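Just so you know, all these numbers are worked out from the coordinates, no wet-lab data involved. Keep in mind the model is a prediction, meaning the values are calculated, not measured. Positions of Cβ are backbone-derived with ideal geometry, glycine not excepted, and every protein chain shown enters the neighbour counts.
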């Protein structure tokens with residue numbers, strides 16, 4: 001099966017949509033499928049093009065069996081709603097050109113956001129007569145509305161129109177969690193048209209040795225003997241990172257507790273500036289960590305944090321939730337109680353859920369776990385059990401492949417019929 005994937009993020013990006021899309025594509029390629037990815041130059045989460053790709057307009061690569069076609073996009077230095085629209089417009093223009101150059105596939109897999117890829121997918125579907133799967137990683141219009149980013153004007157209505165356009169024309173709509181699926185079904189999409197392509201529990205993380213596996217990381221970064229509270233991943237508006245700084249400020253005299261930020265994003269500089277202004281000696285920052293150091297950092301962490309603004313519920317699901325649980329990291333989540341993260345932590349017993357944007361409950365949860373090593377151990381084991389049961393790559397990847405084959409099968413059958421007819425005509429000529 002020839003699969004063409006449209007995604008704004010891909011390898012070598014370490015956080016967000018990129019790693020999950022890369023993992024899926026490389027699995028499909030390992031199964032013998034011909035996989036091509038149309039994307040842009042690596043820029044996320046720093047919002048800065050990687051040095052090795054600087055000044056490039058186009059790039060063709062082959063990585064782990066996947067053909068990658070990259071096109072230039074304008075990357076803003078500071079992300080605003082208006083600048084993000086310009087970025088997405090330039091991305092969509094270049095992405096369409098690279099998709100056309102890739103040739104007709106059997107199936108189109110579209111990763112959203114950005115929502116505008118629905119227009120590209122609809123055009124290619126009509127041009128080539130192929131099915132497309134619309135994979136929703138983030139309910140972008142709902143997120144913009146919940147965060148009050150765009151108001152209730154024409155632009156917001158346009159986003160919702162575009163979202164409906166995508167759902168109507170997609171052959172299949174997939175998403176990460178049952179909560180996100182329910183939200184999509186509320187938009188009058190047929191239940192048999194919406195499925196789950198779940199997050200990933202990396203099999204290597206399931207084997208990670210907690211504590212001892214992180215000793216070298218602790219020594220390197222001066223964390224020996226500290227209770228390490230880790231936030232890693234994208235640092236954006238939705239994450240509401242101020243609550244972590246406020247919690248750190250409440251009890252600065254508790255010097256044995258260190259808050260470690262590792263990652264990048266639109267608000268990282270502002271978060272660092274506020275930390276310096278508040279003179280928080282108990283807060284440290286690291287850049288995005290490559291895979292080996294990431295594993296060591298997770299092994300060193302006593303508690304991992306997931307934070308979201310109060311208005312964010314089932315519109316996004318941070319993939320690091322699965323990463324933390326697979327690694328056996330106890331979690332404290334400062335999130336909406338109606339969110340997918342809260343639901344999963346309560347079902348699994350892998351963490352504590354506290355009120356979002358409120359520093360005191362967050363600190364109290366962290367302090368309670370510091371004083372209860374038995375609870376930490378129980379949460380670690382519970383997280384790994386849940387991750388292995390629901391996000392094991394040996395189960396969810398074959399399930400995804402089966403769904404893609406089912407969607408592509410009518411087109412493949414027609415191709416086989418045409419090829420057989422052509423072969424017969426040649427024999428009788």
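Given labels modelled 7 Å from the Cα in the Cβ direction, how far is it in nm from residue 178 to residue 278?
The answer from the label model is 3.6 nm.
Please compute the length gained on full extension between residue 123 and residue 74, using 0.36 nm multiplied by the number of residues separating them and subtracting their Cα-Cα distance.
15.3 nm
Roughly how many nanometres apart are two label points built 7 Å out from the Cα toward the Cβ at residue 203 and residue 368?
About 3.8 nm separates the two model spin labels.
So what's the angle, to the nearest 10 degrees on a 0 to 90 scale, between helix 268-278 and the longest Cα principal axis of the chain?
Here the helix axis deviates by roughly 10 degrees.
Please give the length that would be gained between residue 58 and residue 219 if that part of the chain were fully extended, namely 0.36 nm times their separation in residues minus their C-alpha to C-alpha distance (nm, one decimal).
53.8 nm
Taking the inverse of the average 1/r across all pairs of different Cα atoms in segment 231-322, what Kirkwood radius in Å do you get?
One decimal place: 13.9 Å for the Kirkwood radius.
Using the C-alpha atoms of the chain, what convex hull volume per residue, in cubic angstrom, is computed?
146
Between residue 292 and residue 405, how high is the FRET efficiency from 1/(1 + (r/R0)^6) when r is the Cβ-Cβ distance and R₀ = 35 Å? Nearest 0.05. Don't skip to the end; give the middle numbers.
Values: r = 35 Å, r/R0 = 0.99.
Step by step, r from the Cβ atoms, then E = 0.50.
Quick one: if you stick a label point 7 Å off each Cα along the C-beta vector at residue 285 and residue 160, how many nm between them?
For residue 285 paired with residue 160, the spin-label model returns 3.8 nm.
Please give the contour-minus-distance gain from residue 256 to residue 100: 0.36 nm per residue of separation, less the Cα-Cα distance, rounded to one decimal in nm.
50.5 nm
Just from its helices, what would the mean residue ellipticity at 222 nm be for the chain, if runs of 4 or more DSSP H residues each count -39500 (n - 2.57) and the sum is divided by every residue, rounded to the nearest 500 deg cm²/dmol? The partial results should precede the final answer.
Details: 16 runs with 201 residues, N = 429.
Taken over the chain, the calculation gives -14500 deg cm²/dmol.
Taking each pair of distinct Cα atoms in segment 116-243 once, what is the resulting Kirkwood hydrodynamic radius in Å?
After inverting the mean inverse Cα-Cα distance, the result is 18.2 Å.
Give me 378, 188 ranked fewest to most by other Cβ atoms within 10 Å of their Cβ, as a rough exposure proxy.
Exposure proxy ranking, most exposed first: 188, 378.
For segment 204-390, calculate the relative contact order in percent as a whole number, restricting contacts to Cα pairs under 8 Å that are 6 or more residues apart. Show your work: numbers first, answer last.
On the way: 349 pairs, mean separation 46.3, N = 187.
Relative contact order comes out at 25 percent.
Quick check on segment 204-390: what are the equivalent-ellipsoid semi-axes from the Cα gyration tensor, as sqrt(5λ), descending, whole Å?
Working: eigenvalues 94, 80, 51 Å².
Whole-Å semi-axes of the equivalent ellipsoid: 22, 20, 16.
Kindly rank 231-240, 176-185, 279-288 from highest to lowest mean number of other beta carbons found within 10 Å of each residue.
On the way: 231-240: 22.0, 176-185: 18.9, 279-288: 15.9.
The peptides rank, most packed first, as 231-240, 176-185, 279-288.
Over the chain, what is the relative contact order in whole percent, taking alpha-carbon pairs under 8 Å and six or more residues apart?
14
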